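The values are calculated or read from the model by the stated rules, or taken from the named source; none is laboratory data. Keep in mind that what you see is a predicted model, and the values were worked out from it rather than measured. A quick note on method: Cβ atoms are made from the backbone with ideal geometry, for glycine too, and the neighbour counts reach across all protein chains shown.
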Amino acid sequence: MPKPETFPIEKIFVPTKQKKALKPETVAEIAESMLDIGQQTPISIRLDGDRLVLVEGLHRLEACKALGETTILGVVVPAELAQAKPLLAERPEVEAERLKMARLKQLRLEKEAAEAATAASKGAGASQATRTGPTKGVRDNAKASPVRMVKAKPKSLSDWITQQKSSGSRY
């Protein structure tokens with residue numbers, strides 16, 4: 001493995017294809033980490049004539065830019081290694097990130113399932129408690145527009161007053 005060197009950030013060219021993969025939240029996390037512990041992993045760059053081309057480390061590069069740094073640690077890799085992307089998947093930090101994302105996805109799915117179950121049980125309990133039987137003209141579809149819903153005919157004067165108050169009209 002080549003020894004990390006310091007490179008001027010403004011001299012590093014980032015291919016357009018890589019720029020599209022930029023995630024601002026990841027840049028913010030890395031920048032925060034760099035403030036605490038510094039840059040731990042160098043970026044990978046390759047030489048293309050007399051310019052430096054970013055191979056790996058877009059978020060680290062952008063985090064350094066965001067922190068106002070003018071230089072960044074990096075290693076120069078041969079163009080042949082820059083093309084061999086399957087090697088990146090074998091790196092421990094890539095595998096750790098993949099496992100972390102899988103755990104986060106699983107936790108999010110479990111949380112959503114629990115919330116849906118809670119909402120369903122609350123909704124079923126509330127509808128059973130408030131309704132003893134079907135109300136004439138009222139739909140069960142919560143998404144139905146109020147214009148299309150037909151109000152039940154009041155059975156008494158107090159029902160009519162309650163209905164008028166709930167509709168916002170002044171009797």
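Observations on the model:
- Tally, over segment 1-19, of residues that are part of a helix (DSSP H, G or I) and in contact with a Ser or Thr (Cβ under 8 Å, 6 or more places away or on another chain): 2
- Filter result (in a helix (DSSP H, G or I) and surrounded by 11 or more Cβ atoms within 10 Å (Cβ to Cβ)) within segment 20-34: T26, V27, A28, E29, I30, A31, E32, S33, M34
- Selection count, segment 1-34, where residues are at pLDDT 90 or above, among the hydroxyl-bearing types (S, T, Y) and more than 22 Å from the chain's Cα centre (by Cα): 1
- E80 being in a helix (DSSP H, G or I), out of contact with any His (no Cβ under 7 Å at 6 or more places or on another chain), at pLDDT below 80 and surrounded by 11 or more Cβ atoms within 10 Å (Cβ to Cβ): no
- Single residue of T135, T162 found to be at pLDDT 55 or above, over 22 Å from the mean Cα position of the chain (by Cα) and surrounded by 10 or more Cβ atoms within 10 Å (Cβ to Cβ): T162
- For segment 37-74, a tally of residues being free of Cβ contacts under 8 Å to residues at least 60 places away in the same chain and either β-branched (V, I, T) or in a helix (DSSP H, G or I) (or both) returns 15.
- Some residue of segment 68-77 being surrounded by fewer than 14 Cβ atoms within 10 Å (Cβ to Cβ), out of contact with any strand residue (DSSP E or B) (no Cβ under 6 Å at 6 or more places or on another chain) and modelled with pLDDT of 85 or more: yes
- Some residue of segment 23-31 being hydroxyl-bearing (S, T, Y), within 26 Å of A79 (Cβ to Cβ) and either in contact with a His (Cβ under 7 Å, 6 or more places away or on another chain) or in the same structural domain as A79 (by TED's automatic domain parsing) (or both): no
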